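Undergrad: The following block contains the structure, expressed as structure tokens.
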Amino acid sequence: MLNEKYKQYLLAFFIVFILFFLQFLKLLNLSLLNNAANSWKEKNYILLQKVAHPFKRLLMMWQLTSKLEDLQYRYSEIAAVAVQTNALQKENQELRKILENSDRSYKEVIIAAPVISFAQSFVAAGSRDGVRPKSVVLYKDTLLGLIDQVEERQSSVMLLSQMTDSAILAETNTGLKGVVKGNGREVFLSEIASDAQLEVGQLVFTSSQFGLEKGLLIGKVVRVLADNQALATKTALIEQMANFYEVSLVEIK
């Protein structure tokens with residue numbers, strides 16, 4: 001037994017067949033129906049336009065949305081490439097500045113990129129690159145810190161501001177001698193005699209000491225703090241000329 005759905009299909013097919021058969025026998029003219037439909041459309045053209053207009057707008061908006069998504073995807077790709085290109089250009093410029101220094105011994109210098117991870121400082125060079133503990137980390141002859149721990153592919157850096165338990169012998173361009181230490185955030189020049197002429201703007205360099213080259217720039221004095229009357233010394237805040245977190249490449253030697 002045929003179900004109701006198939007019966008409806010057969011009935012529709014039978015009706016269509018009868019209509020075409022009657023037209024074949026010239027007993028029925030379907031063109032009259034077409035003419036009637038066209039006449040109705042002409043009379044109700046404005047109504048049809050009003051009904052169809054929202055659907056046309058929806059179709060247009062869908063097409064525009066698809067195009068916009070495609071443009072956004074392409075823009076993201078181009079932006080990513082632009083960021084990579086700018087980073088490479090910056091690294092190339094920094095490397096060119098480093099290599100243009102004719103007084104540099106290339107065999108003793110390792111060029112590496114800084115790596116920042118959870119407030120720790122690393123460089124993308126390790127034991128396989130020849131990095132050793134206590135090597136100096138420089139940027140344009142400015143001392144940024146010392147290599148602390150060395151792994152195969154990377155090494156941790158102790159910045160001058162992080163040297164709370166150790167110190168570096170230093171002297172100003174006017175010959176005042178002291179030590180450089182950090183407090184975790186800033187760099188200070190201390191152990192300066194209270195009667196010394198320590199002034200803002202004086203440059204601070206490394207002094208002669210074991211394992212550290214003399215004459216490396218540390219920074220400049222930006223503020224002289226109150227004298228320590230008990231120790232008869234004074235301390236100054238130092239501003240470094242370069243920031244480890246902002247440079248693209250550093251030197252290790």
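Taken together, the values in this text are just the output of simple stated rules run on the coordinates, not laboratory data. Here the structure is a predicted model, which is why all the values come from computation and not from measurement. Reconstructed Cβ throughout: ideal geometry from the backbone, glycine too, with neighbour counts over all protein chains shown.
Undergrad: How do PHE210, PHE244, PHE14 rank when sorted from fewest to most other Cβ atoms within 10 Å of their own Cβ?
TA: Result, fewest neighbours first: PHE210, PHE14, PHE244.
Undergrad: Contour minus end-to-end for LYS67 and GLN197, with contour as 0.36 nm per residue of separation and end-to-end as the Cα-Cα distance?
TA: So the extension gain works out to 39.9 nm.
Undergrad: Within a 10 angstrom radius of the beta carbon, how do MET241, MET163 rank from fewest other beta carbons to most?
TA: Ordered by Cβ neighbours within 10 Å, fewest first: MET241, MET163.
Undergrad: Dividing the alpha-carbon radius of gyration of region 150-253 by 2.2 N^0.38 Å (N being the number of residues), what value is obtained?
TA: 1.12
Undergrad: At a 10 Å Cβ-Cβ cut-off, how would you order MET61, MET158, fewest neighbours first?
TA: MET61, MET158
Undergrad: A further question on this structure: Given 0.36 nm per residue, what is the gain on full extension from VAL109 to VAL81 after removing their alpha carbon distance, in nm?
TA: Contour length minus Cα-Cα distance gives 7.0 nm.
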